[in-house]
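Participant: Can you keep this structure in mind? I'll have questions shortly.
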Amino acid sequence: MTTAILEKIESLPPLPKTIIEIEEFRKKSEKEISELVEIIEKDALIISTLLKISNSAMFGFRSKVETPSRAIGLLGINFTISIAIGGSVQNLLMVNLDPYGINSDDFMKASNLSSTLVSLWVSKINFELRDELLLPALLQETGKFILADVILTQGKADEFKEKIANGETIANAEKELLGVTTSEITAKIFKHWKLSDHLTNLIENVDNISKCDESIKSKVQILDVIKTACNISNPLSEQSVQEAISKAKSYGLDTKPLAKAIETLQDRLLDE
């Protein structure tokens, strides 16, 4: 890992106090909605993000969601935590994502689609697993903010885009130009912020599943399928979906609930 990348990670601002409180709340075995509402109401950015996402077509709620407590009641505690942490992390890292051909709104949309797809798909497999994978699915592309900055600083944007245009996967293009991939950098960022080791370990291996510990491999494979379907450049496109289903088959996953979840999400997006 280059000095430039490490320096950018080391110079990141600390997590806001609200996020530290939410992370502590997340670790509790017994969670009360009232306590989470109390924490979230201290942070205007989180409230704004939560209400915006709650009222998006992704969820299809019939009436407008106007308060944090109603949003939490509809989304559930774990989904709300994921949105709160995800929105704050992305706000801290906001940089030009032009090397990836997207802007920060595109990034946030793809991230939120990822966590929604986890909710729709993985809840059909195992509800506890759904809760475990919501946050890593939402956050696993975070490292792209650092890598985009490095690509631009080093004047490699055109070379990077050319590799992608010629059919290279994003992960391979990152590895060739920078020596690292998004999942590795995301893990480094979260270690720097002292987020949970389990979250870090799940994300760290998504771009290199062959080296993944067997105890978490099936979870990392699901994250890879989610990342593929919700590709930041073209989430839920026909190509992205086909690649995701192909990967799911190769991992021995049941593709029927995955295909159904994707179809449901695509239908909701048509209503936007």
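Participant: What is the residue count in the stretch 90-102 for residues that are modelled with pLDDT of 90 or more and under 24 Å from residue 193 (Cα atoms)?
Facilitator: The total comes to 1.
Participant: Just the residues that are over 18 Å from residue 224 (Cβ atoms) and out of contact with any Asp or Glu (no Cβ under 7 Å at 6 or more places or on another chain), please, taken from the stretch 176-189.
Facilitator: Selection gives 176, 178, 179, 188, 189.
Participant: Please note which helices (runs of 4 or more DSSP H) are completely contained in the stretch 1-97 and include at least 2 residues that are touching a His at 6+ places or on another chain (Cβ under 8 Å).
Facilitator: 3-10
Participant: Sort out which residues of the stretch 19-63 are closer than 20 Å to residue 90 by Cα and among the small types (Gly, Ala, Ser), and write them in order of number.
Facilitator: Within the stretch 19-63, 44, 48, 54, 56 qualify.
Participant: Please tell me if residue 194 is charged (D, E, K, R) and surrounded by 17 or more Cβ atoms within 10 Å (Cβ to Cβ).
Facilitator: So residue 194 fails the test.
Participant: Within the stretch 218-272, track down each residue that is part of a helix (DSSP H, G or I) and in contact with a Ser or Thr (Cβ under 8 Å, 6 or more places away or on another chain).
Facilitator: 226, 227, 228, 229, 240, 243, 244, 245, 247, 248, 249, 265, listed by residue number.
Participant: Further question: Go over the candidates 211, 247 one by one and state the one that is modelled with pLDDT under 95 and either surrounded by fewer than 20 Cβ atoms within 10 Å (Cβ to Cβ) or over 14 Å from the mean Cα position of the chain (by Cα) (or both).
Facilitator: Among 211, 247, only 211 is modelled with pLDDT under 95 and either surrounded by fewer than 20 Cβ atoms within 10 Å (Cβ to Cβ) or over 14 Å from the mean Cα position of the chain (by Cα) (or both).
Participant: May I ask you to list the residues in the stretch 133-190 that are in contact with a Phe, Trp or Tyr (Cβ under 8 Å, 6 or more places away or on another chain), within 19 Å of residue 11 (Cα to Cα) and surrounded by fewer than 23 Cβ atoms within 10 Å (Cβ to Cβ)?
Facilitator: Of everything in the stretch 133-190, just one residue is in contact with a Phe, Trp or Tyr (Cβ under 8 Å, 6 or more places away or on another chain), within 19 Å of residue 11 (Cα to Cα) and surrounded by fewer than 23 Cβ atoms within 10 Å (Cβ to Cβ), namely 148.
Participant: For the structure I just gave you, tell me whether residue 119 is touching a residue at least 40 places away in the same chain (Cβ under 8 Å), more than 19 Å from residue 12 (Cβ to Cβ) and among the hydroxyl-bearing types (Ser, Thr, Tyr). Show your work before the answer.
Facilitator: Values: touching a residue at least 40 places away in the same chain (Cβ under 8 Å): yes; more than 19 Å from residue 12 (Cβ to Cβ): yes; among the hydroxyl-bearing types (Ser, Thr, Tyr): yes.
So residue 119 passes the test.
Participant: Test of understanding: among 84, 44, 57, which residue is without any contact (Cβ under 8 Å) to a residue 12 or more places away in the chain and either farther than 28 Å from residue 182 by Cβ or small (Gly, Ala, Ser) (or both)?
Facilitator: 44
Participant: Follow-up question, since we're still on this one. Restricting to the stretch 60-81, and then to whatever is in contact (Cβ under 8 Å) with a residue 40 or more places away in the chain and not small (Gly, Ala, Ser), can you tell me which residue is surrounded by the fewest Cβ atoms within 10 Å (Cβ to Cβ)?
Facilitator: In this case the residue turns out to be 77.
Participant: Name the residues in the stretch 30-67 that are of a type in the set (Val, Ile, Thr) and either within 16 Å of residue 16 (Cβ to Cβ) or modelled with pLDDT under 90 (or both), would you? Spell out the reasoning first.
Facilitator: Quick first cut of the stretch 30-67, residues of a type in the set (Val, Ile, Thr) only: 33, 37, 39-40, 46-47, 49, 53, 65, 67.
Within the stretch 30-67, 39, 40, 46, 47, 49, 53 meet the criteria.
Participant: Still on this structure: Being charged (D, E, K, R), touching a residue at least 12 places away in the same chain (Cβ under 8 Å) and over 19 Å from residue 151 (Cβ atoms) narrows it down to one residue among 204, 214, 176; which is it? Give the steps one after another, and end with the answer.
Facilitator: Working: 214 fails: touching a residue at least 12 places away in the same chain (Cβ under 8 Å); 176 fails: over 19 Å from residue 151 (Cβ atoms).
Among 204, 214, 176, only 204 is charged (D, E, K, R), touching a residue at least 12 places away in the same chain (Cβ under 8 Å) and over 19 Å from residue 151 (Cβ atoms).
Participant: From the set of residues in the stretch 103-120 that are surrounded by 22 or more Cβ atoms within 10 Å (Cβ to Cβ) and in contact with a Lys or Arg (Cβ under 8 Å, 6 or more places away or on another chain), which is modelled with the lowest pLDDT?
Facilitator: 119
Participant: Another one. Does any residue in the stretch 188-200 that is without any contact (Cβ under 8 Å) to a residue 40 or more places away in the chain come within less than 8 Å, Cβ to Cβ, of a residue that is part of a helix (DSSP H, G or I) and β-branched (Val, Ile, Thr) six or more places away or on a different chain, and which pairs are these?
Facilitator: Every condition considered, the pairs that remain are 191/200.
The values are calculated or read from the model by the stated rules, or taken from the named source; none is laboratory data. It should be emphasised that the depicted structure is a prediction, and the values quoted were computed from it without experimental measurement. Methodologically, a virtual Cβ is constructed for each residue, glycine included, from the backbone with ideal geometry; neighbour enumeration extends over all protein chains shown.
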